[in-house]
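The values are calculated or read from the model by the stated rules, or taken from the named source; none is laboratory data. Here the structure is a predicted model, which means the values were calculated and not measured. Note: ideal-geometry Cβ built from the backbone for every residue, glycine included; neighbour counts use all protein chains shown. Keep in mind that these areas ignore ligands, DNA and RNA; they rest on the heavy atoms of the full protein, side chains included. Shrake-Rupley method; radii C 1.70, N 1.55, O 1.52, S 1.80 Å.
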Amino acid sequence: MDAAGPQSPVEPEALAAALCRGERRALAAALNLLDDRRPAAVESARRLLGALPGARLYGERHLIGLTGPPGAGKSSLASALIEQWRGRGLRVGVLAVDPSSPSSGGALLGDRLRMQRGGRDPGLFIRSLASRSQHGGLSAEVWPMAQVLLAACEIVLVETVGVGQTEVDVAALADTTCFVVQPASGDTIQFMKAGVLEVPHVLAVNKADLGAAATQAARELARTLTRTAEDGWSVPVLLVSARTGAGTAELAGALDAHRAHLAASRALPAVRRGQQIAWALRQLREDFGRCGLELLSGEARIREDWPLPGKSLAGAIEHYHRLRAPLLERVAAPLCSPGG
Ligand SMILES: Nc1nc2c(ncn2[C@@H]2O[C@H](COP(=O)(O)OP(=O)(O)OP(=O)(O)O)[C@@H](O)[C@H]2O)c(=O)[nH]1
Ligand SMILES: [Mg+2]
């Protein structure tokens, strides 16, 4: 990424073009724009997202979700993965989402990486985000932010603490989801109880340097995961150690392999369409509640009618705003005609 890019362009379409050239300043400006709730900014954000090229996004790019319980070593593993990707010359964008859970005492990903890399790596962009969903789980703005990062970087990593719903939420917005498992924590039983074993594409049992507890957890998980998913992908269980680096190259390889599997089975357009729908439903629910969705004839109808992925995100963004328009009118109506 060009650290010395020109001043951030004001027009959203120009901003999108600058993003695609990998300009860091454009990336920062675009993320700030998405964070701004003022009406003019919301309109600019709509134009910005609509101008992002879908073809590029469906190309080689990879959106990865990294989740798992507090303190499992997600940030440490992220750091090891980033080293490898940067070593291959790939630009990496990271969204570290803190769903406001009490910290385990682990260093924040952003701070850790900035310390290690001196904050000077022009091919690494990190943004921390406090999740603001009122309903628990990830807030809706994570998806647009990930799209903006994806326009500028070959790999985008969304790290979030897996607290109940967030594990499922992160999977709904990522191409590939990796769960980091903390050995000797009862995670295996938890996974089976909650049925969340269906969610991840890669399982990483971290802290292999602790010995037997990690080996045991990996063995139990592998035993419960003997099936191959309907889409033909069998979930690997990897024993890794962020501390010693053992297994981290294999972890990067497994993530790559899942991305290659999506491409080979031509599943990526459907996966990305599913991500768009998950975002739209979440945003509509946040803004208008369940009643809003019912006024639009319900979730199933919204899923069915969602457009097929196009050359840009414009089709999806415009469709979303078409759904939103009558709901906004209903909200505004009592204000416009207080006597009516
Ligand atoms: N022994 C051992 N400790 C590790 C390993 N990886 C991480 N840790 C330690 O585990 C603690 C938590 O690591 P983090 O990487 O911050 O974990 P996290 O999952 O990102 O934590 P939160 O973001 O707070 O949920 C730190 O003290 C790390 O040093 C590992 O492979 N082996
Ligand atoms: Mg962390």
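The set of residues in the range 304-334 that are over 23 Å from A51 (Cα atoms) and either in a loop (DSSP other than H, G, I, E, B) or not acidic (D, E) (or both) comprises P326, L327, L328, R330, V331, A332, A333, P334. Within the range 230-255, the set of residues being in contact (Cβ under 8 Å) with a residue 60 or more places away in the chain and surrounded by fewer than 17 Cβ atoms within 10 Å (Cβ to Cβ) comprises R243, G245, A249. From the list A254, A246, the one residue that fits, being in a helix (DSSP H, G or I), at pLDDT 85 or above and among the small types (G, A, S), is A254.
Would you pick out the residues in the range 287-303 that are assigned to a helix (DSSP H, G or I) and open to solvent by less than 40 Å² (accessible area, probe 1.4 Å)? Step through it out loud before you land on a result.
First pass over the range 287-303, keeping only residues assigned to a helix (DSSP H, G or I): 287-295, 298-303.
F288, G289, G292, L293, G298, I302, listed by residue number.
Take the conditions surrounded by fewer than 20 Cβ atoms within 10 Å (Cβ to Cβ), within 22 Å of the chain's Cα centre (by Cα) and either away from ligand 1 (no atom under 16 Å from the Cβ) or under 21 Å from T177 (Cβ atoms) (or both) and apply them to R266. Does it pass? It is true that R266 is surrounded by fewer than 20 Cβ atoms within 10 Å (Cβ to Cβ), within 22 Å of the chain's Cα centre (by Cα) and either away from ligand 1 (no atom under 16 Å from the Cβ) or under 21 Å from T177 (Cβ atoms) (or both).
Only one of the numbered conditions (1) over 25 Å from G87 (Cβ atoms); (2) crowded, with 21+ Cβ neighbours inside 10 Å is not met by H201, and that is (1).
Within the range 19-55, being basic (K, R) and closer than 11 Å to Q147 by Cα holds for no residue.
Having 2 or more residues that are open to solvent by 60 Å² or more (accessible area, probe 1.4 Å) and modelled with pLDDT of 90 or more is the bar; report the helices (runs of 4 or more DSSP H) wholly within the range 7-99 that clear it. Give the derivation first.
Numbers: elements: 12-20, 24-35, 39-50, 54-57, 74-87.
Those helices (runs of 4 or more DSSP H) span 24-35, 39-50, 74-87.
Determine whether A72 is within 16 Å of ligand 2 (Cβ to nearest atom) and more than 20 Å from D256 (Cβ to Cβ).
Yes; evaluated as a whole, the condition is true for this residue.
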